[in-house]
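The values are calculated or read from the model by the stated rules, or taken from the named source; none is laboratory data. Here the structure is a predicted model, which means the values were calculated and not measured. Every residue, glycine as well, gets a Cβ built from its backbone with ideal geometry; the counts of neighbours run over all protein chains shown. Please note that ligands, DNA and RNA were not included when accessible areas were found on the heavy atoms of the full protein model with its side chains. Shrake-Rupley method; radii C 1.70, N 1.55, O 1.52, S 1.80 Å.
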Amino acid sequence: MRGGGAARALTLTLTLRGRRAAAALPGAACDDRAGLSFQTGLRGVFQDYNKKRQLKSSSTLPVSLTEMKSNMFTVKRLFSTSHSSVDSKEMKKFQLLAHKWWDEEGEYAALHSMNDIRVPFIRDTLLSTSSNYHLGNPLSGIKILDVGCGGGLLSEPLGRLGASVTGIDPVEDNIRTADRHKSFDPVLAKRIQYKSSSLEEIVEESMETFDVIVASEVVEHVADLEMFIKCCSQVLKPDGSLFITTINKTQLSYVLGIVVAEKIMGIVPEGTHEWEKFIPPEELEHLLESNGFSVKTVKGMLYNPLSGSWSWMESTSLNYAVHAVKAGAQPTDTPPETDIQQPSATAGTAGTAPDGPV
Amino acid sequence: MAALRGRALLAPLGARLRAGPRASLRSTASASAAPLYDVLVSGGGMVGSAMAAVLGHDIHFHDKKIALLEAGPRKDYDHLPDSYSNRVSSISPGSATLLSSCGAWDHVCSLRLKPFRRMQVWDACSEAMIVFEKDDLDDMGYIVENDVIMSALTKQLDAVADRVEVFYRSKAVGYTWPLPSHSCDTSPWVQVELADGRRLQTKLLIGADGHNSVVRKEAEIQNIEHRYDQSAVVATLHLSEATDNNVAWQRFLPTGPIALLPLSDTASSLVWSTSHDHALELLAMDEETFVDSINSAFWSNINHSEFIDTAGAMFRSAISLLKPSGTAVRQLPPSVAKVDPESRAMFPLGMGHATEYVQHRVALIGDAAHRVHPLAGQGVNLGFGDIACLAHHLSAAAFNGSDLGSLKHLLKFETERQRHNVSLIAATDVLKRLYSTTLAPLVLLRTWGLQATNALPPVKEQIMAFASK
């Protein structure tokens, strides 16, 4: 999941890297909300490559030939997939706050307290479907993929509950922060693996590998939602669970989620969210159902800025959580007629028909 | 971030996050070799051992590692002497529930304890008295020797030895606190240095090391404390005749309250809070004179005055008009025949309350957090109440996969317990001061107050409910 970043970097961040990034790409700040996300993706790819090079050259290490080659290789790979679910404009936003993840009272405070409802939601849903319960490790034996894991805010609690977690995030600095944070706890260091990658990049090597995918506060930042869901379906085992938390696209969510939360109260850093990319639950449900998922639960979530805590609510007009299950393995096709025919055929040959010759 | 601003207005949270100036940037190389525990309890008394035992028996702590540090040696509790120990505690029903949740109460019951059903508290300067008893004549509380509780807890700690590691003869000499947000490469855990040079790391440090808590001092938590000009004299007494000994007696003398707590049908425990000089005298006396002082303290009416007696009688008849059942006859406690030799001892009394119970990765429980006068019989019960609350929040945090040392749930524990403890400690202190005087106006006030309270069952029930949590 993600929650930070700033389009207007000059006013918000004080880090040197932030100033450099903003100065290097004056065009980025003026970008309008692009209609077709995949076009932005392509343009963003080149900008992202340029930024990476500039950042590397502005650091003390010289850009070696092998590094340049690997960068070009990265560009080639991204270029070959004309659809990418990673929106690099979004990546830039999170790059700037990569070191702020674990400050429980800082920019990501609302995400830290979101753990208090999203972890029990995931845990209880999985416990109700599984048959064996390991004392002290309720999620033992479950393989979870945390897409857009950021600094590992959600991966760590899931790891503590016994699951084997793979956390992926396209922003390398996030992965670095996450790796360093888990390294001090030997139990977590073994249970959690982080990779700097997008979802598409791991599809080939992880077909039907995971029991659970968690995409919390991610889908409102991706470029191509349908492809994202298709990739989720590919890496998920049959009957596997997909958990999504995101923000609805309503007038209320514009007023509270953008105007109040970002501009007035500063609960979320300014520029984190774009209202155009919010997804109504009906649309998300439709996309899920048409890509092989069956939606089991949709629940509304509410953040109380005074107490700093989240709670469940009936209405999904602001934040909401979705639990969907991938369709199970297709059974072998035996039309019911043959089943009925078979006994009568055997009955005939076995000579149990009353009219049959003795 | 709005939540941060809000809290910043209400409390100096920023100061709390930086626990002490000793947060040194030691290299990770030496620190990473030290064994890491999920919870480390410093102090192996009744409260510290109970904390470790309760966590050890919690299902959500099944795969966690807990450590208990005790400076003293492991005591052999297998053979309880026939004579009673002079250190006893009044255990409330709430505390009994906590001890049974970790399986220790069964051991206590199989060893020895004395339930009591009534409590009579009266004044030495007047006829006023108050009687507490449960409507259904259930047990109001239990008098248990401290050694019996320790024996039961040690047995339960042995039962979960795979999860709880007890370090005997291990005194912690230094604590190193982590910086709250991990912006550098230092270990985020609390480092504990033992006297023998060993080092341990923990995600949550629980200080249960008594009213002179080292954990509290090292964490630089302010402590409001006050030494009373009183010491408590304890002894084991034998009654003149066997009786249905299920009443706890307490009389407020001007020098301090004297209490008789039942141990068996023939024995009772004495807790006499009095001035330091008088306490030394009591210890020095021969046994006969000592027994005589006790009996006269309970029976003599030397402190009565005509004025107070008349005023009290008037008030009592007024109450009996309004509420016929609101007055009762004052009963006299059993008389004492002899005292166990070698059982007389004294210890100084004081009051204390820590301004904060928690900091990042630190929590205080028991006497480390609060110290109270024994007149209300609440000391260890407050500690057990702390354990019940903290264990509840830690268990929920463990089941949520949270970081155990996180301030979020620790603050919930602090708020809950401070709300309960502060009122009780304040009330006990007020009672102590109110009953330490012979000035007529104050005696009148407390006489009428006590008589009125005795006539109001709802008020008494509230008091009993509060004290038995």
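Distance between the 7 Å Cα→Cβ label points at B:LEU321 and A:TYR254: 7.5 nm.
What is the local net charge at B:ASN86, summed over the other residues whose Cβ is closer than 13 Å to its Cβ (Lys, Arg +1; Asp, Glu -1)? Charge balance in the 13 Å sphere: -2. Within straight-line reach of A:LYS190, meaning a Cα separation under 18 Å, sit the following aspartates and glutamates at least 8 residues removed in sequence or on another chain: A:ASP146, A:GLU156, A:ASP179, B:ASP38, B:ASP63, B:ASP403. Using alpha carbon centroids, what distance separates segment A:215-249 and segment A:126-172, in Å? After rounding, the separation between the Cα centres reads 16 Å. Summary of the geometry: segment B:113-180 and segment B:45-64, compared by the centres of their Cα atoms, lie 16 Å apart. The B and A chains share an interface that buries close to 2600 Å² of accessible area, total over both sides, probe 1.4 Å.
Relative contact order (percent) for chain B, with alpha-carbon contacts under 8 angstrom and 6 or more residues of separation?
Relative contact order, chain B: 21 percent.
Each listed q (0.06, 0.09, 0.12 Å⁻¹) maps to a log10 I(q)/I(0) for chain B from the Debye sum over equal C-alpha point scatterers, namely -0.30, -0.65, -1.07. Checking the Cα-Cα distances for B:LYS217/B:LYS469; B:LYS65/B:LYS408; A:LYS89/A:LYS263 against a 23 Å cut-off, the pairs over it are B:LYS217/B:LYS469.
A straight line joining the Cα centroids of segment B:195-258 and segment B:440-455 runs 29 Å. How about A:LYS296: which lysines have a C-alpha closer than 25 Å to its C-alpha, ignoring those fewer than 8 places off in the same chain? Straight-line reach from A:LYS296, under 25 Å: A:LYS143, A:LYS230, A:LYS237, A:LYS249, A:LYS277, A:LYS326. Residues A:VAL214, B:VAL329, A:VAL259 ordered from highest to lowest accessible area at a 1.4 Å probe: B:VAL329, A:VAL259, A:VAL214.
Solvent-accessible surface of chain B, averaged per residue with a 1.4 angstrom probe and all protein chains in place: 42 square angstrom.
Give the percent of DSSP beta bridges with both residues in segment A:210-340 that are antiparallel, rounded to the nearest 5.
Given both bridge residues lie in segment A:210-340, the antiparallel proportion sits at roughly 75 percent.
Per-residue extension of 0.36 nm, minus the Cα-Cα distance of B:SER395 and B:GLU220, leaves a gain of 60.3 nm for this segment.
Computed over protein heavy atoms with a 1.4 Å probe, the carbon and sulfur contribution to the accessible area of segment B:272-364 reaches 60%.
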